[in-house]
Amino acid sequence: MQQQNIRDEEVELLLNDLIEIYGYDFTGYSGASIKRRISRLVLLDKFPSFAELRYRLISDKNYLARFIEEITVNVTEMFRDPSFYRTLREDVLPVLATHPFIRIWHAGCSTGEEVISMAILLQEANILHKSRLYATDINPLALQKARTGIYPLSLMKQFSENYIQSGGKKTFSDYYTAKYSLAKFDDSLKENITLSTHNLVSDWSFNEFQLIVCRNVLIYFNKELQDKALNLFDHSLERFGYLALGSKEQVKFSSIGHKYIQLNNKERIWKKIT
Amino acid sequence: MEENNMTAHYDLVLIGGSAGSIQIILKALQPLLPGNFAVVIVLHRKPSSDSTLIDIFGGKTALRVKEADEKERIQPATVYIAPADYHLLIEKDGSFSLDDSEKVNFSRPSIDITFESAAEVYGSAAVAILLSGASIDGIEGLQKIKTRGGLCIVQDPDTAEVDFLPRQALLSIRPDHIARPDEIGRILNGLNRKPA
C-alpha cells in the first residue's frame, strides 16, 4: 500500500480542526503514528488528497466517528499475552477476592475482547457476581461492537489457544454459541460490564478501583500525555490497587513511578504502595 | 555519487530482513566499530524469542545491543532491535514509538513502516540495508530512503538464503551497493565520520 505524502503542517491543521470543531484533542499523540494513520485513511477511504479528507471531516460531522475509529488502533484479542492473564489469575485475583466488592476499569477497551477475558477469569475464580467492570474507549463504534459480544468464529482458535496458555482449565467453546460464522459470548459474562465512552485526554476520574487495565494505549501518547494518563489512573486507584499496562509500557520513569512496585520482572503489572 | 558519499554523513543504519537474515546480520555487525551512527534492526520472526536475539547479537559486536524501548532517544554506537509484534516508528525528535496496529505485508514489525518513518526524519543521513527474505516487505521503505537521499544497500541475491526479497528490490531500485555479507560491515565502517 503506497502511503500518501502528508506534511507535518497538514497534520497540525487537521488536529486543530478537530479541537475547534469537535473538541477532540489528538495533539498529545505520538506524531509518527498519527501521521501514518491519517495517510492510511486517505488511502482507505479513497480521498484524492489530504485536502479532501480535511474538507470531509470539517463539513460532515457523521464522518467523525469513522475518523476516530480509523485513527485509533483497535487491534486486540482475547487473553492477549497469555502469561499476563496467568499472572492475573494466580497473583492478582486471589487478593481481589478478599474484597466485598470489586471494581475494575478497562481503559481503552476497544472492541471488548480483553474485558470478556477478564469476566471469564472472574467467573472461574467465582467472584464475577461481586465484580463490576467499567470498560471505556474513545471510539463509540468499537464500543458498539463490544456491546454485542459477538466476534468472528474464525478468531476462536487463537482465542482458545491463548485461554489454555493463560491457565484456563475449561472448554473454551462453552463460553460462546456459534452461529454461521459468528461466536456470541454468554450474556452472563456481560451482566456486570458497563461500557461507556471516555477520553483519557479530556475526561477525568469517575470512580475508585482495585484494578485498572490499560494495555497498548499509552504507546500512542507522547510523554506528557502518558504522564497525564498515569496520574489519572493513580487518582482512580485505591491504595494497594493494581495497575496493568501493555507489554512494552512502563510506570517506572513517570511522575507516579515512586508509588508503585512491579509484581514480577516479566509482567507489566504494578501495585500501588502509598 | 562517489563525491557525494565522501562528504555525506550518516546517523542511522537500518537493517531489514526475514528468513535467513540472522547469520548475515551477525557477519555485518562483527567488524563494526563503535562510531557515529546507531543501528536499527527490523527482523521478521515469531514472537517470544526476543531475549535470545539480543543475546545472539550482543555477544558478537563491540556496540551496545538492546531492544528499542518506546520513547527512547536513539543514541550512536548502539544496536536497537525492533520488538516482536509491534511496529517501530521514529519520531521527529529522534525517539522511538511503538505501534501495535494491523500487520503490514503480513508482518509486525514491518520493515516498510520503520524505513519510511526513518526516511522522513533522517533523510540523507539514513542508510538502509535489505537482506534475505521471502516477502516484499521493505521494498517501499527502501524506495522512500532512496527518494530522500539516503544510502541504499541490497544483499547480493546470489548470496541470500531466500533471494526473493533482494531480487524483487533490485527490480525497482538501483541501490548504491549490492553487497555480499562479508562486505556489509566494511561498507558501514567506511561511513563513519572522520574527525574534521
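The values are calculated or read from the model by the stated rules, or taken from the named source; none is laboratory data. Predicted, not measured: the structure shown is a model, and the values here were computed from it. Here the Cβ positions follow ideal geometry from the backbone for every residue, glycine too, while neighbour counts run over all protein chains shown. Note: areas computed on protein heavy atoms with side chains; ligands, DNA, RNA excluded. Shrake-Rupley method; radii C 1.70, N 1.55, O 1.52, S 1.80 Å.
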Answer yes or no: is there a residue in segment B:76-94 that is within 27 Å of B:Asp182 (Cβ to Cβ) and open to solvent by 50 Å² or more (accessible area, probe 1.4 Å). yes
Hey, among B:Ala28, B:Ala134, which residue is more than 10 Å from every other protein chain (Cβ to nearest Cβ) and surrounded by fewer than 22 Cβ atoms within 10 Å (Cβ to Cβ)? B:Ala134
Mind listing whichever residues of segment B:114-127 are within 12 Å of another protein chain (Cβ to nearest Cβ) and open to solvent by less than 10 Å² (accessible area, probe 1.4 Å)? B:Thr114, B:Phe115, B:Ala118, B:Ala119
Qualifying positions in segment B:161-196 - within 24 Å of B:Leu63 (Cβ to Cβ) and either aromatic (Phe, Trp, Tyr) or buried (at least 21 other Cβ atoms within 10 Å of the Cβ) (or both): B:Ala179, B:Ile184, B:Leu188
Identify, by number, the condition in (1) over 25 Å from A:Gly31 (Cα atoms); (2) buried (at least 24 other Cβ atoms within 10 Å of the Cβ); (3) at pLDDT 95 or above; (4) not basic (Lys, Arg) that B:Pro157 doesn't meet. (2)
Just checking, does segment A:219-240 include any residue being over 30 Å from A:Ile19 (Cβ atoms), of a type outside the set (Lys, Arg) and open to solvent by less than 20 Å² (accessible area, probe 1.4 Å)? no
Go through (1) surrounded by 16 or more Cβ atoms within 10 Å (Cβ to Cβ); (2) within 12 Å of chain A (Cβ to nearest Cβ) and name the single condition B:Glu102 misses. (1)
Is it true that A:Ser247 is within 11 Å of chain B (Cβ to nearest Cβ), of a type in the set (Gly, Ala, Ser), surrounded by fewer than 23 Cβ atoms within 10 Å (Cβ to Cβ) and part of a loop (DSSP other than H, G, I, E, B)? yes
Of A:Asn216, A:Asn162, which residue is assigned to a helix (DSSP H, G or I) and within 14 Å of chain B (Cβ to nearest Cβ)? A:Asn162
Wholly within segment A:1-93, helices (runs of 4 or more DSSP H) carrying at least 2 residues that are farther than 30 Å from A:Leu122 by Cα and either within 11 Å of chain B (Cβ to nearest Cβ) or not charged (D, E, K, R) (or both): A:8-17, A:31-44, A:50-59, A:63-71
Pairs under 6 Å by beta carbon, first residue without any contact (Cβ under 8 Å) to a residue 40 or more places away in the chain in segment A:211-234, partner open to solvent by 10 Å² or more (accessible area, probe 1.4 Å) and part of a helix (DSSP H, G or I), six or more apart or different chains? A:Leu218/A:Gln226
